[in-house]
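Structure, as structure tokens:
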Amino acid sequence: MKLTICFTNFGPYHLARLRALGISLRETGDELIAYEVAGREQRYPWVPLHGQEPFTWQTFFPTATLETLAPSSCRQAISQHLDRDKPDAVAVVGYTRPESLALLSWAVRRSIPRILMSESQAIDKPRVWWKEAVKARRVQRFSSALVGGPQHRDYLVQLGIPATKIAMGYNAVDHDQIRDRVDQHRTTTSGRPAHPRPYFLAVNRFVPEKNLARLLRAYAAYRATVSSENCWDLVLCGDGPERDQLQQLVNQLELTPYVQFPGFLQERDLVAWWAGASAFVHPSLMEPWGLVVNEAAACRLPLLVSTHAGCMETLVPEPIGTTGLRFNPTHDEAVTQSLVWMAARTPAERAAMGQRAELTAAEWGPARFAKGTLEALAMAQQTRKPGKSAKVRAMRSVG
């Protein structure tokens with residue numbers, strides 16, 4: 001059995017999942033074919049390392065940047081690869097990208113199992129009825145689905161996929177590898193802190209929905225609330241179109257000595273910042289999941305997470321202080337109070353939260369993605385409708 005899955009561009013998250021799934025399929029004599037559309041992506045400038053993979057890795061446009069490709073080129077490329085590889089089942093990431101819709105249509109015409117991989121929530125954005133109707137028609141063409149958590153499942157149920165056809169485990173990072181790298185950095189003599197003072201760490205793209213301007217205002221209010229000798233710094237890792245605006249705001253708020261901008265960092269370069277952080281903060285206004293929170297939890301950091309993040313219910317369970325604190329990202333005061341609350345915990349309390357965060361997130365690693373995909377595949381196979389050739393064979397056998 002050949003299963004095909006397509007991502008726009010392979011980053012560390014995707015490769016960790018694909019490796020776990022590829023190994024699981026090989027154990028039963030099956031094969032995973034993984035397509036990526038482009039070799040580069042402006043939005044996430046990852047530099048993945050190629051190795052001997054437990055899956056077939058195919059890139060449609062190895063030297064192209066995703067954002068420069070025409071939709072027709074994406075559709076044509078995936079159709080050509082599918083006609084050549086002839087998979088027995090497909091996993092489709094989302095329902096809007098041109099290659100995703102082409103993959104779905106190809107599988108529908110051949111009546112083969114098709115799994116939707118989705119991380120959309122109802123609260124991600126305002127919903128318009130006619131757009132939801134179009135989306136529901138698309139979604140109902142899938143045989144089953146794999147989602148991140150309960151909120152994502154509930155949204156697909158609203159769109160018409162039965163809850164009994166939805167598995168969980170889509171959102172995963174290479175938890176063990178991240179944890180081990182950070183632990184090694186913390187315990188080696190060469191693993192000096194990336195910053196000399198305690199700091200809140202945020203890792204994001206610098207775009208409006210990440211809500212970093214509000215975080216900076218809230219951080220300024222935090223500094224006005226707490227005595228200067230007890231104040232933590234703030235480190236914003238990442239890059240994007242809002243970088244200049246955010247740096248100007250730091251200057252306006254007179255925070256320049258206390259806010260650091262290390263830039264966009266590859267995994268290996270983030271290790272020192274993960275290892276030295278006192279707590280992690282994620283203030284997004286719109287966040288289907290928030291894989292960076294998984295990474296922070298793997299590093300045993302206590303968590304401050306927006307209630308709009310899809311991972312919030314899973315990774316920051318109640319009561320308060322289990323792994324950290326949830327906060328409303330639309331109110332400056334709520335963000336400020338979350339910073340004040342975290343910094344006021346004792347080192348022992350923060351360490352305990354970090355330990356619980358790591359244990360909680362460990363259940364949602366690559367192995368969980370592989371297990372969830374195979375569960376969704378089994379669900380899809382159960383609802384498979386016979387194609388024309390299967391119907392002809394059945395009629396002949398009866399005759």
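The values are calculated or read from the model by the stated rules, or taken from the named source; none is laboratory data. Because the structure is predicted, anything quoted here is derived from the model rather than measured. Positions of Cβ are backbone-derived with ideal geometry, glycine not excepted, and every protein chain shown enters the neighbour counts.
Does segment 265-274 contain at least one residue that is in the same structural domain as Leu339 (by TED's automatic domain parsing), at pLDDT 95 or above, touching a Leu at 6+ places or on another chain (Cβ under 7 Å) and not in a helix (DSSP H, G or I)? Checked against the condition, which is being in the same structural domain as Leu339 (by TED's automatic domain parsing), at pLDDT 95 or above, touching a Leu at 6+ places or on another chain (Cβ under 7 Å) and not in a helix (DSSP H, G or I), segment 265-274 yields no hits at all.
Taking the conditions (1) under 19 Å from Ala351 (Cα atoms); (2) part of a loop (DSSP other than H, G, I, E, B); (3) not polar (S, T, N, Q) in turn, Val281 satisfies each one other than (2).
Helices (runs of 4 or more DSSP H) wholly in segment 89-192 with at least 1 residues that are surrounded by 23 or more Cβ atoms within 10 Å (Cβ to Cβ) - which ones?
Details: elements: 98-109, 129-139, 150-159, 175-187.
In segment 89-192, the matching helices (runs of 4 or more DSSP H) lie at 98-109, 150-159, 175-187.
Can you tell me which residue is modelled with the highest pLDDT among those in segment 176-220 that are over 17 Å from Cys237 (Cβ atoms) and hydroxyl-bearing (Ser, Thr, Tyr)? Restricting to residues being over 17 Å from Cys237 (Cβ atoms) and hydroxyl-bearing (Ser, Thr, Tyr), the top hit is Thr187. In segment 4-32, the residue that is surrounded by the most Cβ atoms within 10 Å (Cβ to Cβ) out of those that are touching a Ser or Thr at 6+ places or on another chain (Cβ under 8 Å) and farther than 25 Å from Ala362 by Cβ is Cys6.
Restricting to segment 285-311, name every residue that is assigned to a loop (DSSP other than H, G, I, E, B), in contact with a Lys or Arg (Cβ under 9 Å, 6 or more places away or on another chain) and over 20 Å from Gly321 (Cα atoms). Lay out the reasoning, then the answer.
Taking segment 285-311 as the starting set, the residues that turn out to be assigned to a loop (DSSP other than H, G, I, E, B) are 285-286, 288-290, 299-302, 307-308, 310-311.
Narrowing further to those that are in contact with a Lys or Arg (Cβ under 9 Å, 6 or more places away or on another chain): 285-286, 299-302, 307.
Result: Leu285, Met286.
Table: residues versus (1) at pLDDT 95 or above; (2) touching a helix residue (DSSP H, G or I) at 6+ places or on another chain (Cβ under 9 Å); (3) in a loop (DSSP other than H, G, I, E, B); (4) closer than 24 Å to Gly148 by Cα.
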{"residue": "Ile5", "(1), (2), (3), (4)": "yes, yes, no, yes"}
{"residue": "Gly22", "(1), (2), (3), (4)": "yes, yes, no, yes"}
{"residue": "Gln42", "(1), (2), (3), (4)": "no, yes, yes, no"}
{"residue": "Gln58", "(1), (2), (3), (4)": "yes, yes, no, no"}
{"residue": "Ser73", "(1), (2), (3), (4)": "yes, yes, no, no"}
{"residue": "Ser79", "(1), (2), (3), (4)": "yes, yes, no, no"}
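Look through Tyr44, Tyr35 and report the one residue that is under 16 Å from the mean Cα position of the chain (by Cα) and assigned by TED's automatic domain parsing to the domain that holds Leu116. Before you say what the answer is, go through the steps one by one.
Numbers: Tyr35 fails: under 16 Å from the mean Cα position of the chain (by Cα).
None of the other options fit; the residue is Tyr44.
On the basis of being farther than 18 Å from Gln381 by Cβ, in contact with a helix residue (DSSP H, G or I) (Cβ under 6 Å, 6 or more places away or on another chain), polar (S, T, N, Q) and in contact (Cβ under 8 Å) with a residue 40 or more places away in the chain, does Gln151 make the cut? For Gln151, the condition - farther than 18 Å from Gln381 by Cβ, in contact with a helix residue (DSSP H, G or I) (Cβ under 6 Å, 6 or more places away or on another chain), polar (S, T, N, Q) and in contact (Cβ under 8 Å) with a residue 40 or more places away in the chain - is not met. I'd like to know if segment 114-124 contains one or more residues that are more than 27 Å from Thr330 (Cβ to Cβ) and not aliphatic (A, V, I, L, M). Yes - at least one qualifying residue is present in segment 114-124.
Among the conditions (1) more than 22 Å from the chain's Cα centre (by Cα); (2) more than 22 Å from Leu285 (Cβ to Cβ); (3) in the same structural domain as Leu18 (by TED's automatic domain parsing); (4) not aliphatic (A, V, I, L, M), Arg97 misses just one, which is (1). Residues that are free of Cβ contacts under 8 Å to residues at least 60 places away in the same chain, touching a Ser or Thr at 6+ places or on another chain (Cβ under 8 Å) and farther than 26 Å from His185 by Cα were ranked within segment 269-322; the one that is surrounded by the fewest Cβ atoms within 10 Å (Cβ to Cβ) is Pro317. What do you reckon, is Arg368 at pLDDT 55 or above, within 30 Å of Arg26 (Cβ to Cβ), assigned to a helix (DSSP H, G or I) and basic (Lys, Arg)? Yes. Against the condition polar (S, T, N, Q) and closer than 21 Å to Lys371 by Cβ, how does Ser111 come out, does it pass? No; evaluated as a whole, the condition is false for this residue.
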